[in-house]
Ligand code: PLP
């Protein structure tokens with residue numbers, strides 16, 4: 001059989017391979033170095049006790065004839081869909097449970113959405129961003145996605161040029177953003193929604209990090225907080241970063257009934273058709289655990305963990321600023337986006353590895369506009385964060401070459 005030619009367009013994981021090669025080489029020449037990874041984009045804290053206990057009970061129940069469950073509804077347990085609406089979208093009055101689709105994680109639905117819109121739809125994405133948007137588009141389309149550079153600078157973050165896209169584009173955006181940690185404001189989203197309406201674009205809004213937005217801030221946690229978004233936007237959510245479910249696998253996607261193709265057909269109906277064909281639903285165990293995670297006690301415990309990750313990120317940011325780096329993000333996201341004058345590309349990665357024995361993620365891994373930056377993650381273990389800060393405080397990031 002011939003290889004699918006589209007896979008020639010998808011690069012091997014050169015970046016992470018290169019990170020590994022550089023770290024291995026460094027370890028060889030410095031066998032005693034205590035290397036810490038701040039490259040990690042995954043949660044590290046154990047599951048909250050309420051969730052862990054519930055999982056044991058659910059597992060026990062599945063081992064009894066009364067408690068056993070086979071296939072569930074393809075779109076997800078109604079109880080979970082209603083709980084998501086009540087807990088995460090209390091102010092969105094139009095939202096109905098058949099507009100909320102339960103997934104086995106945001107990444108899977110990003111892939112399914114690519115299939116939904118087919119291989120002739122023009123695709124664009126915020127850049128730098130989570131690599132899955134770009135790569136999953138390459139896997140089904142000849143045409144490469146259009147990248148919309150959106151980089152923070154001391155004078156603010158550049159605007160997404162949605163008005164330059166072909167009419168009827170599918171656009172992936174993410175807020176709070178991985179990797180830059182920046183968040184779209186209400187007025188930015190209002191503008192993007194208006195432009196999308198005028199041009200027939202559909203926005204896919206990724207809210208995997210929504211719980212990292214500071215309590216009391218006016219920044220939107222959902223695009224549906226802006227009136228009219230239901231006519232142009234799909235929202236993709238995840239339990240991974242907010243509840244430590246990256247290994248359990250659970251997410252959701254909102255496809256409003258008000259969202260229509262140019263010919264008036266319902267996007268929600270097509271997505272329902274697609275899901276019932278390609279997916280047999282998220283696991284019963286993960287969905288039941290999700291219901292517990294959204295209970296009062298579950299929320300309390302998981303949001304405490306989110307606060308600890310935020311605290312770590314804040315401390316990292318403070319140390320980097322103190323030593324003279326330019327630092328973006330980190331206030332409403334578990335990532336800081338670091339720029340050090342005179343160091344670009346791999347030189348800043350090598351600098352932190354050789355001078356502080358800290359592994360980071362080069363910004364270039366998230367798109368070409370990331371060239372001058374590094375991403376550091378507050379998801380690392382607290383003791384690793386504290387030790388990294390001790391080491392960072394010994395660096396001169398204003399003049400690293402000295
Ligand atoms: N969206 C963004 C922006 C991410 O950074 C990630 C994971 O790093 C995901 C989605 C994946 O989420 P899930 O674990 O639900 O597939």
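The values are calculated or read from the model by the stated rules, or taken from the named source; none is laboratory data. Note that the structure is predicted; figures quoted are calculated from it, not measured. Every residue, glycine among them, receives a Cβ derived from its backbone with ideal geometry; neighbour counts consider all protein chains shown.
List of remarks:
- Test: residue in region 344-365 that is farther than 25 Å from residue 130 by Cα, in contact with a strand residue (DSSP E or B) (Cβ under 9 Å, 6 or more places away or on another chain) and assigned to a loop (DSSP other than H, G, I, E, B): yes
Here is a yes/no grid of residues against (1) within 16 Å of the ligand (Cβ to nearest atom); (2) at pLDDT 95 or above; (3) within 21 Å of the chain's Cα centre (by Cα); (4) assigned to a helix (DSSP H, G or I):
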| position | (1), (2), (3), (4) |
| --- | --- |
| 241 | yes, yes, yes, yes |
| 253 | yes, yes, yes, no |
| 258 | no, yes, no, no |
| 262 | no, yes, no, no |
| 268 | no, yes, no, yes |
| 274 | no, yes, no, yes |
| 297 | no, yes, no, yes |
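- Residue match in region 331-345 (condition: buried (at least 23 other Cβ atoms within 10 Å of the Cβ), more than 20 Å from residue 240 (Cα to Cα) and modelled with pLDDT under 95): yes
- Some residue of region 304-315 being in contact (Cβ under 8 Å) with a residue 24 or more places away in the chain, touching a helix residue (DSSP H, G or I) at 6+ places or on another chain (Cβ under 8 Å) and more than 30 Å from residue 101 (Cα to Cα): yes
- Applying the condition of being in contact (Cβ under 8 Å) with a residue 40 or more places away in the chain and away from the ligand (no atom under 16 Å from the Cβ) to region 225-239 and asking which residue is surrounded by the most Cβ atoms within 10 Å (Cβ to Cβ) yields 229.
- Residues satisfying the stated conditions in region 90-143, i.e. touching a residue at least 60 places away in the same chain (Cβ under 8 Å), within 12 Å of the ligand (Cβ to nearest atom) and outside any helix (DSSP H, G or I): 102, 103, 104, 105, 128, 129, 130, 131
- Extreme residue, nearest to residue 354 (Cα to Cα), among residues of region 383-402 that are modelled with pLDDT of 95 or more and exposed (fewer than 12 other Cβ atoms within 10 Å of the Cβ): 394
- Take the conditions (1) under 21 Å from residue 206 (Cα atoms); (2) out of contact with any helix residue (DSSP H, G or I) (no Cβ under 8 Å at 6 or more places or on another chain); residue 259 misses just one of them, which is (2).
- Residue in region 29-48 that is touching a helix residue (DSSP H, G or I) at 6+ places or on another chain (Cβ under 7 Å), farther than 24 Å from residue 313 by Cβ and not in a loop (DSSP other than H, G, I, E, B) present: no
- The residues in region 144-156 that are free of Cβ contacts under 8 Å to residues at least 40 places away in the same chain and either touching a helix residue (DSSP H, G or I) at 6+ places or on another chain (Cβ under 6 Å) or surrounded by fewer than 19 Cβ atoms within 10 Å (Cβ to Cβ) (or both) can be counted, and the count is 5.
- Condition check for residue 374: in contact with a helix residue (DSSP H, G or I) (Cβ under 9 Å, 6 or more places away or on another chain), assigned to a loop (DSSP other than H, G, I, E, B) and either modelled with pLDDT of 95 or more or over 25 Å from residue 244 (Cα atoms) (or both): no
- Among residues of region 195-224, those that are more than 12 Å from the ligand (Cβ to nearest atom), touching a residue at least 40 places away in the same chain (Cβ under 8 Å) and in a strand (DSSP E or B), counted: 1
- Search result, residues across region 162-194 that are more than 16 Å from the ligand (Cβ to nearest atom), over 26 Å from residue 11 (Cα atoms) and assigned to a loop (DSSP other than H, G, I, E, B): 167, 168, 185
- Filter pass, residue 55 being modelled with pLDDT of 95 or more, on the phi < 0 side of the Ramachandran plot and in contact with a helix residue (DSSP H, G or I) (Cβ under 8 Å, 6 or more places away or on another chain): yes
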